[in-house]
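Here it is: the structure, laid out below.
The values are calculated or read from the model by the stated rules, or taken from the named source; none is laboratory data. Just so you know, these numbers come straight off a predicted model, no measurement behind them. Note that we place each Cβ from the backbone using ideal geometry, even for glycine, and neighbour counts take in every protein chain shown.
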Amino acid sequence: MFELWNIVGLIVTVASFVYALYQGIRSKQLKRLVHSQTWDLHARANNATGAVQAAFSKYKAKYRDNLDPEVLEVFSKSAAFNQDLFLDTIRHIYLSEPFDYDQVQEWVKVGKCTDSRKEHFELIANLKSAKRGCFARLKGWF
């Protein structure tokens, strides 16, 4: 009877180990997906912000003699919403890939971040992160 429990225990241990490996692989895949999606969302928010600003400039240039206050209000709100979305995407990038000031400078050099948007990344990079517990520090080793 004792040998049976040893065999069952060994089977459960091996199955748990295999399942832990599987979950680790899936977790890494999910983290990579979230990371790539945050950068894609950031690029789209950047494009939307630029499109609204370009449309606003064209409207002002074409109708400078007859500007409609309601249209100006809609453009202003759209620009504010897009800017807020853009800044929120930077925060999400930081959550998926914490970065610092030096990393932002490197991104500017390689073209991952434009010089004009660098200040937004630096603002987030300069925020102090919360202290990490012992398990979070150990996680960085593996």
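Can you say whether LYS62 is surrounded by fewer than 11 Cβ atoms within 10 Å (Cβ to Cβ) and either at pLDDT 90 or above or not hydrophobic (A, V, I, L, M, F, W, C) (or both), as far as the supplied structure shows?
Values: surrounded by fewer than 11 Cβ atoms within 10 Å (Cβ to Cβ): yes; either at pLDDT 90 or above or not hydrophobic (A, V, I, L, M, F, W, C) (or both): yes.
Yes; evaluated as a whole, the condition is true for this residue.
Can you say whether PHE142 is crowded, with 16+ Cβ neighbours inside 10 Å, modelled with pLDDT under 90, among the aromatic types (Phe, Trp, Tyr) and over 30 Å from SER57 (Cα atoms), as far as the supplied structure shows? It would help to see each step written out before you state the result.
On the way: crowded, with 16+ Cβ neighbours inside 10 Å: no; modelled with pLDDT under 90: yes; among the aromatic types (Phe, Trp, Tyr): yes; over 30 Å from SER57 (Cα atoms): yes.
It is false that PHE142 is crowded, with 16+ Cβ neighbours inside 10 Å, modelled with pLDDT under 90, among the aromatic types (Phe, Trp, Tyr) and over 30 Å from SER57 (Cα atoms).
Restricting to the stretch 104-127, name every residue that is surrounded by 10 or more Cβ atoms within 10 Å (Cβ to Cβ), more than 15 Å from the chain's Cα centre (by Cα) and of a type in the set (Asp, Glu).
GLU106
Under 9 Å by Cβ, and 6 or more places apart or on different chains, what pairs join a residue from the stretch 10-35 that is touching a residue at least 40 places away in the same chain (Cβ under 8 Å) with one that is among the acidic types (Asp, Glu)?
The qualifying pairs are HIS35/GLU97.
Right, next: Here are GLU70, GLU97: which of them is of a type outside the set (Val, Ile, Thr) and modelled with pLDDT under 90? Give the derivation first.
Values: GLU70 fails: modelled with pLDDT under 90.
The unique qualifying residue is GLU97.
Something else now. Suppose we filter the stretch 39-59 for residues that are surrounded by 15 or more Cβ atoms within 10 Å (Cβ to Cβ) and closer than 12 Å to LEU85 by Cα; how many remain?
Final tally of qualifying residues: 6.
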